[in-house]
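To keep things clear, I will list the structure first and then write my remarks on it.
Just so it is clear, none of the values below were taken in a lab; they were calculated from the coordinates. This is a predicted model, so every value here is computed, not measured. Because the Cβ atoms are built from the backbone with ideal geometry, glycine has one as well, and the counts that use them run over all protein chains shown.
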Amino acid sequence: MKWLRRLIGPALILYSVTVIYWMFIGFGREIHTGGILKYNLVPLRTVFLFLNLGNGVALTDRLVNLIGNIVVFVPFGFMLPFIRNRLYSLTRLTLYAIFIILILEMMQMLLHVGSFDVDDLLLNLVGIWTGYSLLRFSKMNSEM
């Protein structure tokens, strides 16, 4: 089991760097300063926007926003508790994740490479909870 933790630690760092790249540089993003700050503080506003099929938003954009924000965070829900025992508590993992995601969302808004969207936070948490559930399920099956 120790060998797996040694492997997951570097994988977590590499994956974190990749996600940060996607959030701040990838997909043609450029860092700008100045201008109005973009944000959404109304829960599920963006989710409902992307679920509304009559608004002209391309299917690719819908999938990237809704499914992408979930899937990208699944590995964190699996890897973080695996290498940090204190994060094996769902409450601690959730609080830790909220703190980190809030910082990332605020940085996207302040650097004008995206917006602060409470729906991104919610979707990211669903991804983390999914990864955590996979970890718990895998541990439960390995103990049988």
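So between L44 and L95, what do we pick up on full extension, going 0.36 nm a residue minus the alpha carbon distance?
Extra length from L44 to L95 when fully extended: 16.4 nm.
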On Cα atoms only, tilt of 74-83 relative to the major axis of the chain in degrees: 40
Semi-axes of the equivalent ellipsoid for the range 5-144, Cα gyration tensor, largest first, Å: 29, 18, 14
Amide proton proximity set for D117, modelled H, under 5 Å, gap of 5+: N40
Using alpha-carbon coordinates, inclination of helix 90-110 to the longest axis of the chain, degrees: 30
Helix-only [θ]222 nm of the chain, DSSP H runs n ≥ 4, -39500 (n - 2.57) each, per residue, nearest 500: -23000 deg cm²/dmol
FRET efficiency, S115 to S142 (Cβ-Cβ, R0 35 Å, nearest 0.05): 0.30
Burial ranking of peptide ranges 125-133, 24-32, 46-54, 61-69 (average Cβ count within 10 Å, highest at the top): 125-133, 61-69, 46-54, 24-32
